[in-house]
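Below you'll find the structure, written out as structure tokens, and then a few comments.
Just so you know, all these numbers are worked out from the coordinates, no wet-lab data involved. The model shown is predicted, which means the values in this text are computed figures rather than measured ones. So basically every Cβ, Gly included, is an ideal-geometry build from the backbone, and we count neighbours across all protein chains shown.
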Amino acid sequence: MQAATHTSAKIETLHDLALRADYSLLEALHADPEATPDGVDHRPRQVFSGHYVPVNPTPIEAPHYIAHSERLFAELGLSDTLATSEDFMRMFSGDTSQLPKPMRPLGWACGYALSIYGTEYYEQCPFRTGNGYGDGRAISIFEGVFNAERMEMQLKGGGKTPYCRGADGRAVLRSSIREFLAQEHMHALGVPTSRSLSLYASKTETVRRPWFASGSYSRDPEVMIEEAVAISTRVAPSFIRVGQLELFGRRARKNEHPKATEELKQLVLHLIDREYSDSIDKTLPLSDKVILLAEAFGDRLTSLVANWIRVGYCQGNFNSDNSAAGGFTLDYGPFGFIDRFDPGYQPWTLGGAHFSFLNQPRAAERNFEMFCGALLPLLENDAAARSRIDTIRHEFPRVMQDKMMKMWASKLGLQRFDATLFNELMKLMTETSVDYTMFFRELSMIPDESSALTESFYGDDAVDPALMERWNAWLKRWRSLIDAPSAESHEQRSKQMQRVNPKYTLREWFLVPAYKAAEKGEYDPIKALQAVMNRPYDDQPGEIAAHYYRKKPSELFAIAGISHVSCSS
């Protein structure tokens, strides 16, 4: 989409921010015709048509400042003083009743469909029709242009919408801290992601949530706890999801209403304008645009998942509705960063093997299938274009494999992927029980002896002679490839490896103390995590490095809420 031109002057006030307003979604797409004009639309109901529902967020009581992203503020041109100003805090804690024009007092929520690993579901909709599933507590409240880049700002935990399915529309401080820190950490890791703007919590308002008893090993929450509510604001070029396209694709496929295909077309064209205008010419015929969109999204999605695995991230719940159509990471619910290497690592107790760590490429393939299927009603009378979409869909596993091989080669500092070397490494990493992040960081030093890697080993495997002999043999083979004639010195190769192998990742056992301290009104641990996790490739001073660059303590393994989580709320 052609971004409106705005001055790059510093944004010091909410009135300055209002000057950046440019609501392309509200202008280009259509509201639910049954929506209320005042945005008081907070009860579960079926939404049969329209791209969004105008809805006003529900402010949290007595909000106070927790944190903001100084990096994102700087990128958007926002003054840091805004984060603690009364009117800014009011807006981003859910009160949009007093916004300066041309800001709009109503936000918007969108519906989407659900598919899990390539299977369509309707039961999660309270009406079992698919017309009541969507943004249950996510409400966008602003869209604008910053330095020629379009950004949408969305409240997480902003209260009920028609899609709330009977829930309270709130997010708790615990989960809000996790997502707030994780988004900026992923950006610093070089992984495409939504971003974190601000985090406010209520001094008085609480909700009850199921959680784990202290020190529990349970896979299911056993107790109800009282938690403070919070609102975090996430930022992205758009929040269009694969599941959103899927909803409109289903309606068009089944001809659920006379405008179903037209609404799908409008949404697809809006997605192209918002996310792919730099690569898809707006003058092309629709069929050509759709084909290019499928190719471009497939390229982004394969790169995204390869990056997830590069940094040890597991999405946990990679349904189509948690897959951004712009090809970036979205919805940090039951995510996790891997500690001890396990191909089947899954942080979410309900996630199953299909969303586990090294199965994420296959999960992405299933989401891509749903994405392509949603586009087909637009090509009903174009057999050649439908055939091309089918070819693109079938090529996805090969493209994914190519991206994965390039990623593994980069982590190993190799010019090209070596399958034999890699397969033996996977066996050794599994049998030895290595810390994923620390192992690759230590390998980035290009050690001469396998003993230099043992800092990343859990348990007593370093004293197993047979296992160490296998490590020596593998290291010798790897060094022969590293030492092959090259224009790069070992020092250059090491620096290159360090740029793709982070030293620090946001592990759950770092997050737990931070959100527990925040529950007591202590926010310094959040700032400490921001300082380290926003520079994950950099070395840190001694005490900081000793605290964050270490293996997971043995007593924390299998502990509920640390080694595994329920769906974070």
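List of remarks:
- Between Glu70 and Asp524, the modelled label-to-label distance comes to 1.6 nm, taking each label 7 Å out from Cα in the direction of the beta carbon.
- With contacts taken as Cα pairs under 8 Å and at least 6 residues apart, the chain reaches a relative contact order of 15 percent.
- Compactness relative to 2.2 N^0.38 Å, alpha carbon Rg of the range 238-297: 1.11
- With each label modelled as a point 7 angstrom along the Cα→C-beta vector, the Ala384-Glu226 pair spans 6.9 nm.
- Note on the chain: helix-only mean residue ellipticity at 222 nm, from DSSP H runs of 4+ residues weighted -39500 (n - 2.57) and normalised by residue number, equals -12000 deg cm²/dmol.
- Sequence-separation-based contact order of the range 313-375, relative, with Cα cut under 8 Å and 6+ spacing, percent: 36 percent
- Per residue convex hull volume, Cα atoms of the chain, in Å³: 158 Å³
- Cα centroids of the range 283-324 and the range 101-163: 19 Å apart.
- Cα pair distances in the range 466-531, grouped into 10 Å bins until the bin that holds the longest one, percent each: 17, 25, 21, 19, 15, 3
- Whichever aspartates and glutamates have a C-alpha closer than 15 Å to that of Lys203, once near sequence neighbours (fewer than 8 apart) are set aside: Glu61, Glu226, Glu227, Glu519, Glu522
- Filter on Lys427/Lys552; Lys403/Lys527; Lys406/Lys495; Lys403/Lys503; Lys527/Lys551; Lys254/Lys289 - keep pairs with C-alpha separation over 28 Å: Lys403/Lys527
- Remark: the range 14-239 is approximated by an ellipsoid whose semi-axes, taken from the C-alpha gyration tensor as √(5λ), come to 26, 24, 18 Å, largest first.
- Averaging over all projection directions, the Cα-based convex hull of the range 274-353 occupies 6.2 nm² in the image plane.
- Computed label-point distance, nm, for sites Lys282 and Ser433 using a 7 Å Cα→Cβ extension: 5.8 nm
- Length available on full extension from Ala558 to Ala484: 0.36 nm per residue minus the Cα-Cα distance, which gives 22.4 nm.
- Spatially, the range 416-437 and the range 480-556 are offset by 21 Å when compared through their Cα centroids.
- Subtracting the Cα-Cα distance of Gln46 and Thr391 from 0.36 nm times their residue separation leaves 120.6 nm of extension gain.
- Added length on full extension, which subtracts the Cα-Cα distance from 0.36 nm per residue, His354 to Ala517: 55.3 nm
- Using a Förster distance of 30 Å, the FRET efficiency for His257-Asp299 (Cβ separation, nearest 0.05): 0.35
- Across the range 71-140, Cα-Cα pairs more than 16 Å apart make up 66 percent of the total.
- Options Gln98, Ile116, His68, ranked by Cα towards positive dipole end of the range 14-144, top entry (Cβ charges): Ile116
- Take the Cα of Lys203, go 7 Å toward its beta carbon, and the backbone nitrogen atoms of the range 515-538 under 20 Å from that spot belong to 517-524.
- Kirkwood analysis of the range 412-569, using all unique Cα-Cα pairs, places the hydrodynamic radius at 17.6 Å.
- Computed over the Cα atoms of the range 252-406, the ratio of the radius of gyration to the Kirkwood radius (Rg/Rh) comes to 1.01.
- Of the residues Ser489, Ala545, Pro465, the one whose Cα sits farthest towards the positive end of the charge dipole of the range 412-569 is Ser489 (charges of +1 on Lys and Arg Cβ, -1 on Asp and Glu Cβ, taken about the Cα centre).
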